[in-house]
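*Asks:* Okay, here's the structure, questions in a sec.
Read-outs: derived from the displayed coordinates by stated rules, not from any lab. Keep in mind that what you see is a predicted model, and the values were worked out from it rather than measured. Ideal geometry is used to build each Cβ from the backbone, glycine not excepted, and the neighbour counts take in all protein chains shown.
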C-alpha cells in the first residue's frame, strides 16, 4: 500500500515538473490552469498525509523553473514567491480564520483585494530613480535579465518621478514587482495578423506576453504592445509606511502604473468575498485577462508577523475564478460556408461548461491552423471562450492520444454546392467561388436582415431557409417583394405572423445610410466602418464612384477596406442589386441635427448599464445625430458614455484623457 502511495507521489511530481517546464520556460502550456491546479492540490494533499515523503525537490517546495540560459541570470535580493490558491468562498473564510488564530485575536483583519493578472511576473530595480535592471521571476531566486525588452513598454518609466504629496523623496534603491501582460484587443489583433500570415496562433494573452518579452530582439517586443501593472515591492531604502495600500499610492506617485481603480480596501472577510464575486462577474468587461483575485493583508506589521511558507506568503492568497479555458474531446469536424464563401472548420465537441455557458461547437479557423496545431478527430483539446466571442480550439493535448484519433482531410469541393474550392495566393482562407451557393446566399440574407443592418424582425434562419428552398428569395431585394400569400406557404406561419413580418419589412424601408452600407455585406466593412463611410459620402451614388485614393484619405479606412469597397462596386451584379433596393423605396433618414449636432463626426463608446435607453437604442440615437459608435476605447475615441458599473473602458478613457460623460449629461447636451 505504501509503495502505491510513493509511486503516485513520484508520478504527480514528474507530471507537474513537465508542465512547469512547458509553462514557465517554453511559454507553451499543454494543459489548462484548472487541470494543473488539480494535479498540484492532489500532490499537496498526499504530502500532507505522508510528510515523511516530502523532499526539497518536490514542486510543492519550489516556486518556478530555472531561467533560460539565453538570458543573463539576475539574482533577486528577496525571493519572488508564488501564491497559495483558493477555489471556494469557504477556503477564503478558512484563510481568514487561520490568520486570526496566528494573530491571537478575533478582530477583523483589513485586506486589499485586486485582480490577479494573467501575465508574467517581473521585478524592476531602480537605483537613484533610474531603472537599472529588470528580470523575470525564474525559479523565485534567480531570473532572466530582460531589461532592454522591458524598456520598450510605455507603462514602465526609465526614470522615477517625484510628485508633491509623496511622503519621501525618491528612494536610493527601489525593487518593484509586477505583472507584464497583453490587453485582450492587442492579443486578438496579434493573432489575427499571425492567422493572415499563416503563423501559429498564441494560445492566450499570457503566452503572447511571455513569448514577446523573451524575444532576443527588443524591436520585436516593442511591436507587441505589452503593458504592466506593479503590485508589490522588494527592498525600499529610506521609506516607511504602515500599510500595503499606502505603499501602492507611493509607487503611483513615483510614476509607476498601479491598478488602483480595481484595488479595494475591505474591512471584513465577507466584504472580500463580495469583491471577488464582483470581479469574477465583470471579468469579461476588463481590458485584460484575469484568472482570479489576489487577497492581501493590508497592515505591513501583520504581514511580517504572519511570515512566509516554503513557496508562498501566509498573508496572501489567490481566489481562482472559473476557467475560461477547459478541456474536452472533439467528436467530429464539419466545414461551414459563410456569406463570403469562406470555408470554416468547426469542431463538434463533447458538451462542456466554459465560464457558465455550455459549449458544443468551437471554431478551428482554417485548414492551415488545423495542420499546424495537428488537431484530429477524437483529440482531447483545450478550448477557450471570452465574453461573447465564439469559442475556439486552442490546441490538442497530444499526451492524451490513444491511437484512435483521425487526421482531418479538408474538402477540395464546397460541402454545400459541390463547386471546386480555391485559395488566393495572399490569403489563408479557402473559399467557395460559386456566388449562387445556397450556404452563401443563406448567410448573406441572414446578415442583410440582422439587427445592425436592415433590422427586419421575424426573419430568422428557419424562415429564410424555407424562402430560399421555395425559390421565393435569392437576394436582399426579393424580401421587399414578398407577399402574404407566399409567407403563408411556409411551415408554422399563420396569418398573424405573416402580417407581422410584412410590417417589419415595410418599416425597414426607412433606415440610415450606414445601416444600408453594412447590410450590403461588403467584406471588411463592419458597423463602425460603415458609419464612417456613410458620414463621408452621404449618398450611394457618391460611394459607387469612389476610388481607392479617396477611400484611403478617410480616417480608419485602410488598403484592405478600400480595395474591398471598390471591388464590390466594380461588379455589375452588385450595382444592379443596390439600384433595385433603392427602387424598392428604401429611404435614408437624415440626421436630425446633422452638422449642428453636438456629437456630429465624433466617435463614441458606451459602457455600463443604461437606464434611459437600451444599448441598441442609444446606438441608433448617436448615429441619427451624426456620431459614430465604436465598441472599444482607443486613441480615436472622442467620448465615453457611462452607465451603472462601467467597467474597464472607463479606466482606459481616463488613461487617454478622453471626455467622459454619464447618461444624463449626454442627453442634456441636446436640450
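*Asks:* Take each of the peptides 312-322, 41-51, 173-183, average the number of other beta-carbon atoms within 10 Å over its residues, and list them starting from the highest. Each step should come with its number before you reach the end.
*Replies:* Numbers: 312-322: 20.5, 41-51: 13.5, 173-183: 23.1.
Peptide ranking by packing, descending: 173-183, 312-322, 41-51.
*Asks:* Name the shape class, rounded, prolate or oblate, that the alpha-carbon gyration tensor gives for the range 594-668, where a ≥ b ≥ c are the square roots of its eigenvalues, rounded holds for a/c under 1.5, and otherwise prolate holds if a/b is larger than b/c and oblate otherwise.
*Replies:* On the way: a/c = 1.76, a/b = 1.18, b/c = 1.49.
Oblate, because a/c is 1.5 or more while a/b does not exceed b/c.
*Asks:* Next up: Quick check on the range 438-585: what does the Kirkwood estimate of hydrodynamic radius come out to from the alpha carbon pairs, in Å?
*Replies:* Kirkwood hydrodynamic radius for the range 438-585: 16.1 Å.
*Asks:* Can you give the extra length, in nm with one decimal, that the chain gains between residue 638 and residue 398 once fully stretched, where that is 0.36 nm per residue apart less the Cα-Cα distance?
*Replies:* Values: separation 240, 0.36 × 240 = 86.40 nm, distance 4.78 nm.
The span from residue 638 to residue 398 would gain 81.6 nm if fully extended.
*Asks:* Going by alpha carbons, how many degrees (0 to 90, nearest 10) lie between the helix axis of 559-570 and the longest principal axis of the chain?
*Replies:* Between the helix axis and the principal axis of the chain, the angle is about 10 degrees.
*Asks:* Run lengths n ≥ 4 of DSSP H only: what is the helix-derived mean residue ellipticity at 222 nm for the chain, with -39500 (n - 2.57) per run over all residues, to the nearest 500? Don't skip to the answer; put the middle values down first.
*Replies:* Numbers: 25 runs with 237 residues, N = 671.
Mean residue ellipticity, 222 nm, calculated: -10000 deg cm²/dmol.
*Asks:* Also, I was wondering about something else. Pulled fully out, how much extra length does the chain show between residue 97 and residue 553, if you take 0.36 nm times their separation in residues and subtract their Cα-Cα distance?
*Replies:* Extra length from residue 97 to residue 553 when fully extended: 157.8 nm.
*Asks:* Tell me whether the range 73-320 comes out rounded, prolate or oblate; compute the Cα gyration tensor, take square roots of the eigenvalues as a ≥ b ≥ c, and use a/c under 1.5 as the rounded threshold. Walk me through the numbers on the way to the answer.
*Replies:* On the way: a/c = 1.86, a/b = 1.28, b/c = 1.45.
Since a/c reaches 1.5 but b/c is at least a/b, the shape of the range 73-320 is classed as oblate.
*Asks:* Helix 244-253 versus the longest principal axis of the chain: what angle, 0 to 90°, nearest 10, using Cα atoms?
*Replies:* For helix 244-253, the angle is close to 60 degrees.
*Asks:* Using Cα atoms only, what is the angle between the long axis of helix 269-281 and the major principal axis of the chain, expressed in degrees (0 to 90) to the nearest 10?
*Replies:* Approximately 30 degrees, to the nearest 10.
*Asks:* Let me ask something else about it. How many nm separate the modelled label positions at residue 587 and residue 220, each set 7 Å beyond the Cα in the direction of the Cβ?
*Replies:* Placing both labels 7 Å beyond Cα along the Cβ direction yields 6.0 nm.
*Asks:* May I pose another question? From the square roots a ≥ b ≥ c of the eigenvalues of the alpha-carbon gyration tensor of the range 325-407, which class results: rounded (a/c under 1.5), prolate (a/b over b/c), or oblate?
*Replies:* Numbers: a/c = 1.82, a/b = 1.08, b/c = 1.69.
It comes out oblate by the Cα gyration axes.
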